[in-house]
Amino acid sequence: MCHVMTDVVGCLQDIALLVDCSGSISDTNRPGGDNWQLILNFLVDFVSSISVGDRATHVGAVSFGT
């Protein structure tokens with residue numbers, strides 16, 4: 001049985017983020033604003049919560065859309 005949180009503590013990781021920047025993720029009719037801002041907030045919170053560096057977790061991001 002694998003315990004995700006305990007198994008990855010102290011492990012080096014490579015994380016790739018694929019970010020949809022297309023107009024289809026925008027929904028300004030939704031109460032509370034735009035989905036794009038939700039995505040940005042999530043990415044900032046996520047990356048801020050991990051240790052990033054040469055001898056820590058490596059993070060890369062690719063965006064797509066028009």
Subset of the range 38-65, residues of a type in the set (D, E, K, R) and either touching a Ser or Thr at 6+ places or on another chain (Cβ under 6 Å) or assigned to a helix (DSSP H, G or I) (or both), comes to 45
Checking 48, 22 in turn, the sole residue that is surrounded by fewer than 13 Cβ atoms within 10 Å (Cβ to Cβ), modelled with pLDDT of 90 or more and of a type in the set (Ser, Thr, Tyr) turns out to be 48
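The values are calculated or read from the model by the stated rules, or taken from the named source; none is laboratory data. All values reported here derive from a predicted model rather than from experimental measurement. Don't worry about glycine lacking a Cβ; one is built from the backbone with ideal geometry, like all the others, and counts go over all protein chains shown.
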